[in-house]
Amino acid sequence: MSTKKGQEAEERASTYLKKHGYSIIGRNMRLARGELDIVATKKALLVFIEVKSRQHHDDALLSLTPQKCRRIKSAAQAFLVKHRQWQQHQCRFDAILIAPDIENGIEHLEDILH
């Protein structure tokens, strides 16, 4: 996916999250062990959100490979080391899928990693 399309998808996901009560604390965060698309909070919860934009829902879902999920976890650990003020928060990993064949074009999957 091109950088422009990725930025547009992250912008759309951020708008969606804000409408649903999330506060965005970071986007497109490059860390020593990977990249986090969006980091947000909702109440006392710290949420790491992976954004996947594809032409079809299934392609977006299948792009969340085990290797990608390991990178997200690793990047989240690096984030918590760098930003100690968030270490006491409960963390959750979500994904936002964006595709034309999804109702309203966007799907929010909560708690995708354990």
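The values are calculated or read from the model by the stated rules, or taken from the named source; none is laboratory data. Just so we're clear, the structure is a prediction, and the values are computed from it rather than from any experiment. Counting neighbours? That spans all protein chains shown, and the Cβs are built from the backbone with ideal geometry, glycine included.
On the given criteria, is Ser2 hydroxyl-bearing (Ser, Thr, Tyr) and at pLDDT below 95? Judged against the criteria, Ser2 is a match.
Taking the criterion of being surrounded by 12 or more Cβ atoms within 10 Å (Cβ to Cβ), more than 12 Å from the chain's Cα centre (by Cα) and closer than 20 Å to Lys42 by Cβ, the residues of the stretch 73-90 that qualify are Phe79, Leu80, His83, Trp86, His89. Whether any residue in the stretch 16-25 is more than 13 Å from the chain's Cα centre (by Cα), of a type outside the set (Lys, Arg) and more than 23 Å from Asn104 (Cβ to Cβ) is what I want to check. No, that holds for no residue.
As a summary of the residue check, Ser63 satisfies the conditions (1) of a type in the set (S, T, N, Q); (2) under 11 Å from the mean Cα position of the chain (by Cα); (3) over 20 Å from Thr15 (Cβ atoms) except for the one numbered (2).
Do we have Ser53 as free of Cβ contacts under 8 Å to residues at least 40 places away in the same chain, under 24 Å from Pro100 (Cα atoms) and among the small types (Gly, Ala, Ser) here? It is false that Ser53 is free of Cβ contacts under 8 Å to residues at least 40 places away in the same chain, under 24 Å from Pro100 (Cα atoms) and among the small types (Gly, Ala, Ser). The single condition from (1) in contact (Cβ under 8 Å) with a residue 12 or more places away in the chain; (2) assigned to a helix (DSSP H, G or I) that Leu80 fails is (1). In the stretch 28-41, which residues are at pLDDT 95 or above and either under 25 Å from Asp101 (Cβ atoms) or not hydrophobic (A, V, I, L, M, F, W, C) (or both)? Correct list: Asp37, Ile38, Thr41. Would you point out the residue of the stretch 1-38, among those that are out of contact with any strand residue (DSSP E or B) (no Cβ under 9 Å at 6 or more places or on another chain) and closer than 23 Å to Gln67 by Cα, that is surrounded by the most Cβ atoms within 10 Å (Cβ to Cβ)? If we take residues in the stretch 1-38 being out of contact with any strand residue (DSSP E or B) (no Cβ under 9 Å at 6 or more places or on another chain) and closer than 23 Å to Gln67 by Cα, then Gly34 is surrounded by the most Cβ atoms within 10 Å (Cβ to Cβ).
Counting the residues of the stretch 82-103 that are among the small types (Gly, Ala, Ser) and farther than 16 Å from Glu35 by Cα gives 1. From the list Asp111, Asp94, Asp101, pick out the single residue that is surrounded by fewer than 14 Cβ atoms within 10 Å (Cβ to Cβ) and in contact with a His (Cβ under 8 Å, 6 or more places away or on another chain). The unique qualifying residue is Asp101.
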